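> I'd like to ask some things about the structure below.
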Amino acid sequence: MPSFSPDYTSRYRAHYHACGIDHTIQLRKQLGATPGQTALLAGTVHDIFAAAAADLPNDFAFLSAEQADEGSDLFYPAPTPVAVVGIRGVVSYTPFQKVTHTRFACRAVGSRSSIEMYGIWWEYSNKIDDVDTVAYDGVATPTERAYIGTIAGLLNTQAFANSGDPSSVWAARATIKVNDFWLRQVRSGGIT
């Protein structure tokens with residue numbers, strides 16, 4: 001599989017706050033995208049989080065955004081996504097849930113990509129064989145949460161793999177995992 005430099009395509013990054021922690025999400029446009037087309041990813045970021053708003057914490061907020069042009073490492077200010085209002089109380093999240101991400105993966109000819117969304121509520125079962133718990137196996141599908149399919153559909157219309165190839169396809173499923181870096185912060189008492 002060929003490797004592509006980080007600046008191969010234009011990028012849009014949004015910084016956001018969820019469960020008391022600041023995160024960043026980055027999407028890419030197709031090769032040849034104009035700065036104006038890249039800025040439209042602000043709407044995509046808004047829409048993918050809005051699709052899951054019922055499962056986002058009530059402290060969720062977009063902080064800022066920036067973008068970089070194709071072939072450039074220089075990021076400059078970009079439109080911040082329109083606000084999304086989460087409804088779940090942060091107090092209901094365990095430290096483990098606060099550092100769990102929902103990852104969507106994309107493949108294209110000779111390339112791939114992924115994004116991680118933080119703050120989406122996933123309930124953990126205390127029984128290893130509890131198949132009635134959503135995403136108990138670490139995978140969430142549209143049959144478990146309809147917005148998984150919605151988010152994949154939104155990404156398929158606007159976001160591309162690292163190659164920027166138009167053959168990019170985002171899978172209509174997500175993997176659920178505790179982030180190793182943030183888990184160390186939980187274990188050290190930095191996140192409670």
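Any read-out appearing in this document is the output of simple, stated calculations on the displayed coordinates, not a laboratory observation. None of the values given here were measured: they were computed from a predicted structure. Cβ: placed from backbone, ideal geometry, glycine included. Neighbour counts: every protein chain shown.
> Would you give the gap between the C-alpha center of region 23-67 and the C-alpha center of region 95-122, rounded to a whole Å?
14
> Quick check: convex hull of the Cα atoms in the chain, volume per residue, rounded to a whole Å³?
125
> Give me Glu144, Glu116 sorted ascending by neighbouring Cβ count inside 10 Å, so fewest comes first.
Glu144, Glu116
> When you count, for each residue, the other Cβ atoms within 10 Å and take the mean per peptide, how do 44-57, 20-33 rank with the highest first?
Numbers: 44-57: 21.0, 20-33: 18.1.
The most tightly packed comes first, giving 44-57, 20-33.
> Quick one: what are the phi-derived ³J(HN,Hα) couplings along region 58-71, Karplus 6.51/-1.76/1.60 with θ = phi - 60°, whole Hz, x for glycine and proline?
Going residue by residue, I get 6, 9, 5, 7, 7, 9, 6, 8, 8, 9, 10, 7, 3, x Hz, with x marking Gly and Pro.
> A further question on this structure: Obtain the nm distance between the two label points defined at Ser167 and Asp22 by a simple spin-label model: each point lies 7 Å from its Cα along the Cα-to-C-beta direction.
4.0
> As a check on your grasp of the helix formula, calculate [θ] at 222 nm for the chain: sum -39500 (n - 2.57) over DSSP H runs of n ≥ 4, divide by the residue count, round to the nearest 500.
So the helix-based figure for the chain works out to -6000 deg cm²/dmol.
> Using the beta-carbon distance between Glu144 and Arg103 and R0 = 22 Å, what value does 1/(1 + (r/R0)^6) give for FRET efficiency, to the nearest 0.05? All intermediate terms of the calculation are to be shown ahead of the outcome.
Working: r = 15 Å, r/R0 = 0.69.
E between Glu144 and Arg103, to the nearest 0.05, is 0.90.
> Near the amide H of Arg88, under 5 Å away, which other amide H atoms are found, from residues 5 or more places off or on another chain, if H is placed in the peptide plane?
It is Leu56, Asn58, by chain and number.
> To continue, here is another question. Could you give me the ³J(HN,Hα) list for region 173-181, computed from phi with Karplus coefficients 6.51, -1.76, 1.60 and θ = phi - 60°, whole Hz, x at Gly and Pro?
7, 9, 9, 10, 8, 6, 6, 4, 4
> Here's something else I'd like to know. Excluding Asp165 itself, what net charge comes from residues whose Cβ is under 11 Å from its Cβ, given Lys and Arg +1 and Asp and Glu -1?
+3
> Give, in nm to one decimal, the length gained when the segment between Asp137 and Asp7 is fully stretched (0.36 nm per residue of separation minus the Cα-Cα distance).
That pair, Asp137 and Asp7, stretches by 43.3 nm at full extension.
> In whole Hz, with x marking every Gly and Pro, tabulate ³J(HN,Hα) for region 158-166 from phi via Karplus 6.51 cos²θ - 1.76 cosθ + 1.60, θ = phi - 60°.
With the stated coefficients, region 158-166 comes to 9, 9, 10, 6, 4, 7, x, 6, x Hz.
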